[in-house]
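Computed from the coordinates by the stated procedures, all read-outs in this text should not be read as laboratory data. Given the structure is predicted, the values throughout are model-derived calculations rather than measurements. All Cβ positions, glycine included, derive from the backbone under ideal geometry; neighbour counts span all protein chains shown.
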Amino acid sequence: MQRAIHEAEKAYAQDEVPVGAVIVDSLTGEIVATAHNEMEHLQDPTSHAEMLAIRRATATLGNGRLENCDLYVTLEPCPMCAQAISFARIRRLYFGAYDPKGGGVDHGAKIFNASSCHHVPEVMGGLEEKKCVQILIKFFENKR
């Protein structure tokens with residue numbers, strides 16, 4: 001999760017919403033991909049940290065399924081990202097801050113609870129929650 005927080009800090013420095021993601025091979029413990037939000041830089045609303053990390057991991061591994069991979073992300077994934085996590089067959093999802101307004105895992109659409117969801121990863125929220133929340137609060141306070 002520390003590496004995901006580092007990615008969120010990079011996003012913050014680039015004036016992007018500070019969310020970072022890291023995908024780890026659960027068999028070797030090696031980092032497969034890292035990413036942070038790049039929506040402003042790429043002018044692409046789908047360029048969330050999770051989406052970019054999934055794209056990079058599938059390209060690195062040459063496989064559209066990430067069954068032996070775990071995703072660490074600093075904020076509860078939105079519904080779009082939660083669905084992509086399911087489609088990629090990610091084994092475990094670890095996230096930091098909960099997102100009551102825009103989340104799609106424990107809040108909102110609760111994608112993994114839908115009958116149409118074909119793969120549900122193991123989920124653990126609240127990892128390094130305080131650090132993950134602090135960087136988001138600082139970012140949005142500076143925007144006001």
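Taking trypsin sites (Lys or Arg not before Pro) across region 61-105, the ones in a DSSP loop with at most 10 further Cβ atoms lying within 10 angstrom of their Cβ are Lys101. Compared with the dominant Cα axis of the chain, that is its longest principal axis, helix 2-13 is turned about 40°. Please state the shape class of region 74-130: rounded when a/c is under 1.5, otherwise prolate if a/b exceeds b/c and oblate if not, all from the C-alpha gyration tensor. Judged from the Cα gyration tensor, region 74-130 comes out oblate (a/c at least 1.5, b/c at or above a/b). Over the chain, DSSP H runs of length four or greater, each weighted -39,500 (n - 2.57), average out per residue to a 222 nm ellipticity of -11000 deg cm²/dmol. Beta bridges per DSSP, both residues in the chain: antiparallel share near 55 percent.
Applying the criteria of a DSSP loop state and at most 11 other Cβ atoms within 10 Å to the GluC sites (Glu not before Pro) of region 1-59 yields Glu30.
Placing a pseudo-label 7 Å from each Cα along the Cα-to-Cβ vector at Glu40 and Lys138 gives an inter-label distance of 1.6 nm.
What angle, in degrees between 0 and 90 and rounded to the nearest 10, separates the Cα long axis of helix 49-61 from the longest principal axis of the Cα atoms of the chain? Approximately 40 degrees, to the nearest ten. Volume per residue for the chain equals 100 cubic angstrom (convex hull of Cα atoms).
Could you tally the net charge around Glu16, taking each other residue with its Cβ under 13 Å from the Cβ of Glu16, Lys/Arg +1 and Asp/Glu -1?
In short, -4.
Can you tell me the dipole magnitude for the chain around its Cα centre, using point charges on the Cβ only (Lys, Arg +1; Asp, Glu -1), in Debye to the nearest 20?
Charge dipole, the chain, about its Cα centre: 140 debye, nearest 20.
Farthest toward the positive end of the dipole of the chain, out of Phe112, Gln43, Tyr12, is the Cα of Phe112, where the dipole comes from beta carbon charges about the Cα centre.
Would you mind pulling out the separation of the Cα centroids of region 1-54 and region 96-144, in Å? If we compute the Cα centre of each part, the gap is 14 Å. Helix 129-143 versus the longest principal axis of the chain: what is the Cα-based angle in degrees, 0 to 90, to the nearest 10? Taking the Cα atoms of the chain, the angle to 129-143 is about 50 degrees.
Need the list of lysines near Lys143 for cross-linking: C-alpha distance under 26 angstrom, and skip anything on the same chain fewer than eight residues off. Excluding near neighbours in sequence, the set is Lys10, Lys101, Lys130, Lys131.
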